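The values are calculated or read from the model by the stated rules, or taken from the named source; none is laboratory data. As the structure is a computational prediction, the values presented were derived from the model and not from experiment. Every residue, glycine as well, gets a Cβ built from its backbone with ideal geometry; the counts of neighbours run over all protein chains shown.
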């Protein structure tokens, strides 16, 4: 009986160790910014106009050092890939090098600024202050616009 208990205990520990070591979960490097967001509003600062984007089904995906801007509402907007750098100490996000998405890659050419305006971006390198990032709501503000998003 003692041998059986010893073997059960040993095998239980081995199984627990295997399960624990095999978990290769990658933690988000951008904290509460990482994830998939629905763009709710874009408020341009120059004129104070607040555009409702909820029905347009525009989405932003943030993961690692990449950002994806996507129109799923058939609005005729282009989709983009780009770089994202988050400085947690300064609480800012820099979005740059946006290129038009073609299938699962980019087309290699920089995005036209007028196409980026739909997403609240007005240059190839935009610095956003992180106003709110709690995992449910994300609010980013640049000198051009304030973007309000919700997690989905």
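Assess whether residue 98 counts as being under 26 Å from residue 29 (Cα atoms), touching a strand residue (DSSP E or B) at 6+ places or on another chain (Cβ under 7 Å) and touching a residue at least 40 places away in the same chain (Cβ under 8 Å). Steps first, answer last, please.
Working: under 26 Å from residue 29 (Cα atoms): yes; touching a strand residue (DSSP E or B) at 6+ places or on another chain (Cβ under 7 Å): yes; touching a residue at least 40 places away in the same chain (Cβ under 8 Å): no.
Considered against the rule, which asks whether it is under 26 Å from residue 29 (Cα atoms), touching a strand residue (DSSP E or B) at 6+ places or on another chain (Cβ under 7 Å) and touching a residue at least 40 places away in the same chain (Cβ under 8 Å), residue 98 comes out as no.
Checking residue 138 against (1) closer than 23 Å to residue 152 by Cβ; (2) within 15 Å of the chain's Cα centre (by Cα); (3) free of Cβ contacts under 8 Å to residues at least 24 places away in the same chain, which single condition isn't satisfied?
Here residue 138 meets the rest and fails (3).
Can you tell me which residue in region 131-150 is surrounded by the fewest Cβ atoms within 10 Å (Cβ to Cβ), limited to those that are assigned to a strand (DSSP E or B) and touching a helix residue (DSSP H, G or I) at 6+ places or on another chain (Cβ under 7 Å)?
Let us first name the residues in region 131-150 that are assigned to a strand (DSSP E or B), namely 131-133, 137-141, 145-150.
From what is left, the residues that are touching a helix residue (DSSP H, G or I) at 6+ places or on another chain (Cβ under 7 Å) are 133, 138.
Details: 133: 20, 138: 25.
The residue in question is 133.
Give all pairs with beta carbons closer than 8 Å in which a residue from region 29-52 that is on the phi > 0 side of the Ramachandran plot meets a residue that is at pLDDT below 90; count only pairs at least 6 apart in sequence or on separate chains.
35/28
Taking the conditions exactly as written (in contact with a helix residue (DSSP H, G or I) (Cβ under 8 Å, 6 or more places away or on another chain), surrounded by 15 or more Cβ atoms within 10 Å (Cβ to Cβ), at negative phi and not in a strand (DSSP E or B)), does residue 77 satisfy them or not? Spell out how you get there, then give the answer.
Values: in contact with a helix residue (DSSP H, G or I) (Cβ under 8 Å, 6 or more places away or on another chain): yes; surrounded by 15 or more Cβ atoms within 10 Å (Cβ to Cβ): yes; at negative phi: yes; not in a strand (DSSP E or B): yes.
Taking the combined requirement at face value, the residue satisfies it.
Filter region 91-130 down to residues that are in a loop (DSSP other than H, G, I, E, B) and closer than 22 Å to residue 57 by Cα, then give me how many there are. Walk me through it before giving the result.
Here is the first cut: in region 91-130, the ones in a loop (DSSP other than H, G, I, E, B) are 91, 103-104, 111-112, 120-124.
Checking the rest, the ones that are also closer than 22 Å to residue 57 by Cα come to 103-104, 111-112, 120-122.
Total meeting the criteria: 7.
Give just the number: which of (1) closer than 20 Å to residue 127 by Cα; (2) surrounded by fewer than 16 Cβ atoms within 10 Å (Cβ to Cβ); (3) touching a residue at least 12 places away in the same chain (Cβ under 8 Å) does residue 67 not satisfy?
Residue 67 satisfies every listed condition except (2).
Going by the structure shown, is residue 60 within 20 Å of residue 128 (Cβ to Cβ), out of contact with any helix residue (DSSP H, G or I) (no Cβ under 9 Å at 6 or more places or on another chain), in a strand (DSSP E or B) and in contact (Cβ under 8 Å) with a residue 24 or more places away in the chain? Explain how you work it out, then say what you get.
On the way: within 20 Å of residue 128 (Cβ to Cβ): yes; out of contact with any helix residue (DSSP H, G or I) (no Cβ under 9 Å at 6 or more places or on another chain): no; in a strand (DSSP E or B): yes; in contact (Cβ under 8 Å) with a residue 24 or more places away in the chain: yes.
No.
One line per residue, one yes/no per condition, for (1) modelled with pLDDT of 95 or more; (2) touching a strand residue (DSSP E or B) at 6+ places or on another chain (Cβ under 8 Å):
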| site | (1), (2) |
| --- | --- |
| 77 | no, yes |
| 89 | no, no |
| 92 | yes, yes |
| 108 | no, yes |
| 111 | no, yes |
| 124 | no, yes |
| 132 | yes, yes |
| 137 | yes, yes |
| 142 | yes, yes |
